[in-house]
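Chemist: The structure under discussion is supplied below as structure tokens; questions concerning it will follow.
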Amino acid sequence: MSNVDAVKGTSAYEVESMSRRDFLTTVVYGAVGAALSFVLFGLLRFPKPALFPDIPKIFKIGRVEDFPVGAEKIFEDKKVIVRRDAGGLFAISLICTHLGCIVSKHAGLFECPCHGSKFDENGKVKIGPAPKALEWLKVSQLPDGKLIVDTMRKVPIGTRYAI
Ligand code: FES
């Protein structure tokens with residue numbers, strides 16, 4: 001029996017209800033597909049903010065005389081802040097330890113614009129969801145006197161360099 005024969009033998013109500021069922025099935029599949037696409041997009045997107053492949057891992061920040069006691073320089077393109085206090089020179093990463101957004105400094109605190117984490121001036125978590133403190137990075141001096149920060153070398157919080 002062909003489809004035409006099958007339709008001829010049915011009432012208008014049955015034909016209409018089958019169409020409605022097909023329509024609703026299409027809508028449900030479409031909604032499920034859209035929801036899965038949204039979830040998949042989210043899963044693919046969220047782990048990536050922490051990755052900054054174009055940022056050099058080791059970079060120059062200047063010379064010793066550029067950092068007198070009390071100096072503070074933010075290297076926005078490198079996502080690092082460098083300071084010198086009475087204890088020495090130190091560098092702190094500006095990459096949030098939650099999902100990798102870039103924190104900014106407001107009234108002595110580092111604040112993350114993504115989910116509201118706040119860190120004190122040493123990078124310790126004051127308000128989550130960040131799970132741990134901002135990373136402190138190794139600072140050293142090249143033979144020519146220039147200072148470098150190595151973002152691959154994490155150092156304990158509070159590490160200062162008497163350079
Ligand atoms: S990425 Fe900073 S709080 Fe979520």
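The values are calculated or read from the model by the stated rules, or taken from the named source; none is laboratory data. Since this is a predicted model, take the numbers as computed values, not measurements. All Cβ positions, even for glycine, are placed from backbone atoms using ideal geometry, and neighbour counts span all protein chains on display.
Chemist: Looking at the range 102-125 only, could you name the residues that are outside any loop (DSSP other than H, G, I, E, B) and either within 15 Å of the chain's Cα centre (by Cα) or away from the ligand (no atom under 12 Å from the Cβ) (or both)?
Modeler: 102, 104, 105, 106, 109, 110, 111, 118
Chemist: Filter the range 72-83 for residues that are surrounded by 14 or more Cβ atoms within 10 Å (Cβ to Cβ) and assigned to a loop (DSSP other than H, G, I, E, B); which is nearest to the ligand (Cβ to nearest atom)?
Modeler: Looking at the filtered set, the residue picked out is 79.
Chemist: Picking from 99, 134, which residue would you name as being crowded, with 17+ Cβ neighbours inside 10 Å, of a type in the set (A, V, I, L, M, F, W, C) and at pLDDT 95 or above?
Modeler: Every option except 134 fails the conditions.
Chemist: Any residue in the range 145-163 that is more than 14 Å from residue 61 (Cα to Cα) sitting within a Cβ distance under 6 Å of a residue that is charged (D, E, K, R) and surrounded by 14 or more Cβ atoms within 10 Å (Cβ to Cβ)? List the pairs, counting only those 6 or more apart or interchain.
Modeler: Correct list of pairs: 153/138; 154/135; 155/138.
Chemist: Here's another thing I want to ask about it. Sort out which residues of the range 84-101 are touching a Phe, Trp or Tyr at 6+ places or on another chain (Cβ under 9 Å) and either within 13 Å of the ligand (Cβ to nearest atom) or farther than 18 Å from residue 147 by Cβ (or both), and write them in order of number.
Modeler: Within the range 84-101, 93, 94, 95, 96, 97, 99, 100 meet the criteria.
Chemist: Have a look at 124, 105 and point out the one that is over 16 Å from residue 61 (Cα atoms) and modelled with pLDDT of 95 or more.
Modeler: 124
Chemist: Out of 82, 69, 103, which single residue is without any contact (Cβ under 8 Å) to a residue 40 or more places away in the chain and within 17 Å of residue 159 (Cα to Cα)?
Modeler: On inspection, the qualifying residue turns out to be 69.
Chemist: Look at residue 129 and say whether it is within 21 Å of residue 67 (Cα to Cα) and either within 12 Å of the ligand (Cβ to nearest atom) or part of a loop (DSSP other than H, G, I, E, B) (or both).
Modeler: The answer is no for residue 129.
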